[in-house]
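Below: the structure, in structure tokens.
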């Protein structure tokens with residue numbers, strides 16, 4: 001489970017870096033919610049371990065991280081395919097993109 005979660009996190013980070021390289025810094029940034037950023041969730045890890053929740057946390061990460069990695073890669077790929085299709089059809093110049 002740890003390998004699946006860890007590899008997914010590495011792939012997500014790589015994809016975010018790739019998106020920001022293509023489209024500009026902070027374009028892949030997730031919005032804040034109630035004053036917390038998505039990366040603030042890391043604060044939950046030591047608390048979960050302290051109260052004995054390491055195994056549920058690992059199971060959750062092993063499920064959610066691969067799902068998010070697949071979502072991120074597929075949405076990025078679909079966006080790229082859409083841009084290629086518009087460009088091939090000569091529409092991108094018309095739309096000003």
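The values are calculated or read from the model by the stated rules, or taken from the named source; none is laboratory data. Predicted, not measured: the structure shown is a model, and the values here were computed from it. Every residue, glycine as well, gets a Cβ built from its backbone with ideal geometry; the counts of neighbours run over all protein chains shown.
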Q.
Please verify whether residue 47 is farther than 17 Å from residue 59 by Cα and either touching a helix residue (DSSP H, G or I) at 6+ places or on another chain (Cβ under 7 Å) or at pLDDT 85 or above (or both), treating the condition exactly as stated.
A. no
Q.
Just to be sure I understand the filter: pairs with C-beta atoms under 8 Å, separated by 6 or more residues or on different chains, first member in the range 2-22 and surrounded by fewer than 15 Cβ atoms within 10 Å (Cβ to Cβ), second member not in a helix (DSSP H, G or I). Which pairs pass?
A. 20/26; 20/27; 20/28
Q. Any idea how many residues of the range 46-62 are surrounded by 14 or more Cβ atoms within 10 Å (Cβ to Cβ), within 19 Å of the chain's Cα centre (by Cα) and more than 15 Å from residue 10 (Cβ to Cβ)?
A. 3
Q: Looking only at the range 25-42, decide whether some residue is within 18 Å of the chain's Cα centre (by Cα), under 23 Å from residue 83 (Cα atoms) and in a helix (DSSP H, G or I).
A: no
